[in-house]
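Below is one structure; the comments refer to it alone.
The values are calculated or read from the model by the stated rules, or taken from the named source; none is laboratory data. This one's a predicted model, so the numbers in the text were calculated from it and none came from an experiment. Cβ: placed from backbone, ideal geometry, glycine included. Neighbour counts: every protein chain shown.
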Amino acid sequence: MTRHGAKRRTWLCRLAERTGALIEDRGDGARGLWQGLLQRHAAHCAYCRAELEEAVWIRRELQTLARPRAPEGLMESVVARIAAEQAPQPSALERAGWRAAAAVGLLFLALGIGGAVAVWAAVDSVSLSPGELVMEAQALADEVLSAMYAAAHDVGLAGQMGLALAWGLAGCAVAAALRSA
Amino acid sequence: MGTGEAELLQAARQGDHEAFARLVRPSLDTAYRLALRLLGDAAEAEDAVQDALYSAWRGLARFRGGAKFSTWLYRIVWRQCVDRLRRPQPAALTEQAADVSFDNDPATRVETLEAESRVERALRQLPAAYRTVLTLFYIEDLPIKDVARITGLPLGTVKTHLHRARKELRKLLEESEVMQP
């Protein structure tokens, strides 16, 4: 293969080599003003022409490769993943299931019993008339149960059910304590 | 960015995952092929694209619209693939990349498969950086500026990579021709 004059590369050859992609650029604006100059140079420079031919040959070889499409359902699976992320997440209590709900119920029951015991102690240490005793006990029970309700406010349906159970049991305990007093 | 694309982007940012799917779908095949050429395994490529699309969804707010949406998406896919390539490889790259569907008649199919295997094998022997630029520039016909944006490389480096990648690929293809019976 004869080169432009000899095998020696000119500065244009080096430029063409360095910007090899530009020679066969597809008008994407990256080649700039040099393209015309390089094309004219390549027309009579064997070295650059060979470079250009190689680029064309490589492109042709690579274009023989198959162009597989994305698998069916790929986009749908991504959308499903996104949708799952966006759906409301179950609370920690709901995820934990009934065991956690039962534990919460027992906790509230314990609090209820504690409240009843507190009422019993208060009744035992203060000498009040039966009517006053009932009033004091109800006030104390209200306070205890209000605090329990505030604590249980965000625990969801299972928590609410536990709270109702605790309310009932605590009420029974208070009533039983008052009755025995 | 076109008006339609801008509207879809706006809707996707507001949580409309169907809009996101419509935004992504035109770029999905190219994204998948990029992953396939880089990773050499269909299942791995599918996983990579899925993860990349999920990342894109979560990072929609970071897309400022300076480049095309598809370019931004390809960059995420490319980074996902590079991350995966850095992980220890569980098995050698498989030959499955040639396992694609053809629409041609059987004779053409055999010829194409032979050419594919040869070019595919040669391509797989190249470093990932070279595979990337060859895939994006020659196979996917992306402008060189987009190749630079996707890979995060300066334009000059992309051109150098292309030049060297062509030389390497040509050498490998010529070697494979010599070795053929």
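Answer yes or no: is there a residue in segment A:25-36 that is modelled with pLDDT under 80, more than 51 Å from the chain's Cα centre (by Cα) and more than 9 Å from chain B (Cβ to nearest Cβ).
yes
Looking at segment B:154-181 only, could you name the residues that are under 16 Å from B:R37 (Cα atoms) and not in a helix (DSSP H, G or I)?
none
If you go through segment B:111-125 one residue at a time, do you hit one that is modelled with pLDDT of 90 or more, outside the structural domain of B:L73 (by TED's automatic domain parsing) and in a loop (DSSP other than H, G, I, E, B)?
Looking for residues that are modelled with pLDDT of 90 or more, outside the structural domain of B:L73 (by TED's automatic domain parsing) and in a loop (DSSP other than H, G, I, E, B), one finds at least one in segment B:111-125, hence yes.
Looking at B:A165, is it surrounded by 16 or more Cβ atoms within 10 Å (Cβ to Cβ), over 20 Å from B:A122 (Cβ atoms), among the small types (G, A, S) and assigned by TED's automatic domain parsing to the domain that holds B:S117?
Criteria not met by B:A165.
When you scan segment B:44-55, do you find a residue that is of a type in the set (V, I, T), facing another protein chain (nearest Cβ under 8 Å) and out of contact with any Cys (no Cβ under 6 Å at 6 or more places or on another chain), even just one?
Checked against the condition, which is being of a type in the set (V, I, T), facing another protein chain (nearest Cβ under 8 Å) and out of contact with any Cys (no Cβ under 6 Å at 6 or more places or on another chain), segment B:44-55 yields at least one hit.
Have a look at A:G97, A:G73, A:G112 and point out the one that is within 45 Å of the chain's Cα centre (by Cα), outside the structural domain of A:E136 (by TED's automatic domain parsing) and either at pLDDT 65 or above or not aromatic (F, W, Y) (or both).
Step by step, each of A:G97, A:G73, A:G112 is checked, and only A:G73 is within 45 Å of the chain's Cα centre (by Cα), outside the structural domain of A:E136 (by TED's automatic domain parsing) and either at pLDDT 65 or above or not aromatic (F, W, Y) (or both).
Of the residues B:L23, B:L39, which single one is closer than 25 Å to B:S117 by Cβ and more than 9 Å from every other protein chain (Cβ to nearest Cβ)?
Going through B:L23, B:L39 in turn, the sole match is B:L39.
Can you find even one residue in segment B:145-153 that is under 18 Å from B:L38 (Cβ atoms), at pLDDT below 90, in a loop (DSSP other than H, G, I, E, B) and not polar (S, T, N, Q)?
No; the residues of segment B:145-153 include none that is under 18 Å from B:L38 (Cβ atoms), at pLDDT below 90, in a loop (DSSP other than H, G, I, E, B) and not polar (S, T, N, Q).
Return yes when A:G105 is touching a Leu at 6+ places or on another chain (Cβ under 9 Å) and modelled with pLDDT under 75 and no when it is not.
Yes: the conditions hold for A:G105.
Residue-by-condition table, conditions (1) within 12 Å of chain A (Cβ to nearest Cβ); (2) at pLDDT 95 or above:
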site	(1), (2)
B:W78	no, yes
B:P88	no, no
B:P143	yes, no
B:L155	yes, no
B:V158	yes, no
